[in-house]
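Comments concern the structure below.
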Amino acid sequence: MENPIEAVDLSRAFGEIQAVDSINLSVSHGEVFGFLGPNGAGKSTAVRMLTTLLKPTSGSACVAGFDVVKKAPSVRKRIGVALQDAAIDPLMTGNELLRLQCVLHGLPKRSGEKRCKELLERVGLTLAGDRRVGAYSGGMRRRLDLALSLVHEPEVLFLDEPTTGLDPTSRMALWEEVRSLNQELGTTVFLTTQYLEEADQLAERIAIIDNGKIVREGSPISLKSAVGAPTLRIDVSEDSLEAARIVMTRFGEERPARRNRIAIGLDRGTPGITDVMKALEEDGLEVHHVELDEPSLDDVFADATGRRLEGGQA
Amino acid sequence: MLRQPQSWAPGLFFPLLLAAVYSSQFSKAVDIVGFPFQDVSFLDFVLPACVIQGVLFGSTNSASDLAADIENSFMDRLLVSPVSRASILLARLASAFMYGVVQAGILITIFLIFGANIAGGFPSIISIVLIAALLAVSIGSFGIAIALRTGSQEVVQSTFPLIFVAIFVSSAFFPVQLMEGWYGSIAQKNPLTWIIDPTRRMAIVGFSWKDLGQSLGIISAIASLGIGISIWQLRRRLVSAQ
């Protein structure tokens, strides 16, 4: 059976800007696929093409077995979409929006009403169902948005930055919801995010996108282990920076770091830290701060792009 | 409508206020030599224009709502659903029509309560409501094209003064026969004059298929242009939207 999401050399340009540059994707049934990248990397443009909202400049994509350009109406029947800006009319109540969504998807009135009730219960909004959405919190809006994308039991669910702007509790509640959807219903989920933790927690496989290109792809574990060595970061005074760099790079390759900080990938792994500290002490270099991190997706991103995803620090 | 009274209330209030002011200030205007109608009150004279004015004030509502839908991405929700693209546009035009029917109905009722007379009776009343609502659709379609092009409520609402000026530089509140100079010349060439004059004849003289046909013909021409531009802008948005 064909994969629910397949893209071949998918590209989109806006004038001179190449927003998405020849990406290839293959997402299998029941998979949660994470599309990770910083703001402006091309994640939303890719999702808009896969959800038939935007025509590609070149390349092709099939979603739920149908070409997104030639068979767009067939794709729309089979996908659920929760877009980045929680596209909901603040003047309507949660219940009204769900009923409208049922109408848009051609659900008969009676089964539509039943479905609305089930979905409100599923996302924990039964009591708020008759309140106007304008009075909902950010987390409630996102949960309603998720419910709206599920009315027609889609084969493929696209979540475009579903937790951006949410507090940690709401974020975790939404993650839990996505997990249970995927496990209970077997829905294939395509998730874009700029949060490393989100990709790490939810996705079985991720693709890292930067400047419109996919720079890494694989399971979070395989990507992290491919980066290899753990990162050792030390803070020294500005005067000792060059001397410390010479010492440290004897123990591993330098990695991107913020000002007055040096980071290396420790070739010998965690035990190697003793040797580094001893060498720095022998050269009379004063260390202000030490950090040792096992590889993270941020390291994977830094390794692929030379930049950090979160806050530009390393 | 109940949730957003600010969107339709001005369309009722301002024409009624203007009608009250004009009827009290210009009541003697009907006695001026050359006034095209005999034995009518100024209230009777301004009734069709006030109805059309009220409905046109509300005609930007649908476009403004569409721009809001684009701004808050609700439009995207419609576009990723299996409904046809045409129905998204048609729904907005149908909403403009319904707004127009309700507003025109309420305005005519208020005028009749305050003593206005519609000589053509029921057929004329229906014609005035139909003309007003279809004019709201045709002018509203330009607003929809602007909403699709810009996706901005502010830009759509900024077109409102143009409608206001277009009504005033027409035969809406004074007969063009009595206007002079450039003002009269523009008013004579204003398509709103070609719509208001036959509508007014149906209110004051009596129902006529010819007058109804003239009004609807001009409205159809305006609507064809406006809807054509809207379809073009919708297609353009679907291809190039970021």
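Determine which member of the set A:R308, A:R258 is surrounded by 13 or more Cβ atoms within 10 Å (Cβ to Cβ) and assigned by TED's automatic domain parsing to the domain that holds A:A243. Please lay out each step first, then the result.
On the way: A:R308 fails: assigned by TED's automatic domain parsing to the domain that holds A:A243.
On inspection, the qualifying residue turns out to be A:R258.
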Flagged in region A:219-252 as farther than 13 Å from A:P295 by Cβ and without any contact (Cβ under 8 Å) to a residue 40 or more places away in the chain, in numbering order, are A:S219, A:E238, A:D239, A:L241, A:E242, A:R245, A:I246, A:V247, A:M248, A:T249, A:R250, A:F251
Unique residue being farther than 28 Å from A:Q84 by Cβ and of a type in the set (A, V, I, L, M, F, W, C) when the list is B:A133, B:A91, B:A86, B:A145 = B:A133
Taking B:I113 as the residue in question, decide whether it is more than 18 Å from B:F174 (Cβ to Cβ) and either within 20 Å of the chain's Cα centre (by Cα) or within 14 Å of chain A (Cβ to nearest Cβ) (or both).
-> no
Which numbered condition A:S180 fails, given (1) among the small types (G, A, S); (2) free of Cβ contacts under 8 Å to residues at least 12 places away in the same chain; (3) crowded, with 20+ Cβ neighbours inside 10 Å | (3)
Within region A:7-38, which residues are within 14 Å of another protein chain (Cβ to nearest Cβ) and either surrounded by fewer than 20 Cβ atoms within 10 Å (Cβ to Cβ) or more than 20 Å from A:L309 (Cβ to Cβ) (or both)?
-> A:R12, A:A13, A:F14, A:G15, A:E16, A:I17, A:Q18
Within region A:88-98, can you find the residues that are surrounded by fewer than 20 Cβ atoms within 10 Å (Cβ to Cβ) and either at the interface with chain B (Cβ under 8 Å from one of its Cβ atoms) or small (G, A, S) (or both)?
-> A:D89, A:P90, A:L91
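Kindly check whether there is at least one residue in region A:103-122 that is hydroxyl-bearing (S, T, Y) and either within 11 Å of another protein chain (Cβ to nearest Cβ) or closer than 19 Å to A:G186 by Cα (or both).
Checking region A:103-122: not a single residue is hydroxyl-bearing (S, T, Y) and either within 11 Å of another protein chain (Cβ to nearest Cβ) or closer than 19 Å to A:G186 by Cα (or both).
A quick yes/no check of all residues on (1) within 14 Å of A:L181 (Cα to Cα); (2) surrounded by fewer than 18 Cβ atoms within 10 Å (Cβ to Cβ):
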{"site": "A:L100", "(1), (2)": "no, no"}
{"site": "A:L125", "(1), (2)": "no, no"}
{"site": "A:D130", "(1), (2)": "no, yes"}
{"site": "A:V133", "(1), (2)": "no, no"}
{"site": "A:S137", "(1), (2)": "no, yes"}
{"site": "A:L146", "(1), (2)": "yes, no"}
{"site": "A:E161", "(1), (2)": "no, no"}
{"site": "A:G165", "(1), (2)": "no, yes"}
How many residues, within region A:40-74, are of a type in the set (G, A, S), within 10 Å of another protein chain (Cβ to nearest Cβ) and under 24 Å from the mean Cα position of the chain (by Cα)?
-> 1
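Within the group B:G105, B:G121, B:G34, B:G100, which residue is surrounded by fewer than 21 Cβ atoms within 10 Å (Cβ to Cβ), within 14 Å of the chain's Cα centre (by Cα) and away from chain A (no Cβ under 14 Å)? Even if it seems obvious, please write down each step before you answer.
On the way: B:G121 fails: within 14 Å of the chain's Cα centre (by Cα); B:G34 fails: within 14 Å of the chain's Cα centre (by Cα); B:G100 fails: surrounded by fewer than 21 Cβ atoms within 10 Å (Cβ to Cβ).
Unique residue meeting the criteria: B:G105.
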Scan of region B:219-242 for residues that are crowded, with 19+ Cβ neighbours inside 10 Å and farther than 30 Å from B:D76 by Cα, ordered by number | B:I219
Condition check for B:R149: within 14 Å of chain A (Cβ to nearest Cβ), over 16 Å from B:I131 (Cα atoms) and among the charged types (D, E, K, R) | no
Verdict on A:L232 being in a helix (DSSP H, G or I) and either touching a helix residue (DSSP H, G or I) at 6+ places or on another chain (Cβ under 6 Å) or not polar (S, T, N, Q) (or both) | no
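The values are calculated or read from the model by the stated rules, or taken from the named source; none is laboratory data. Predicted, not measured: the structure shown is a model, and the values here were computed from it. When we count neighbours, we look across all protein chains shown, and the Cβ atoms used for this are built from the backbone with ideal geometry, even at glycine.
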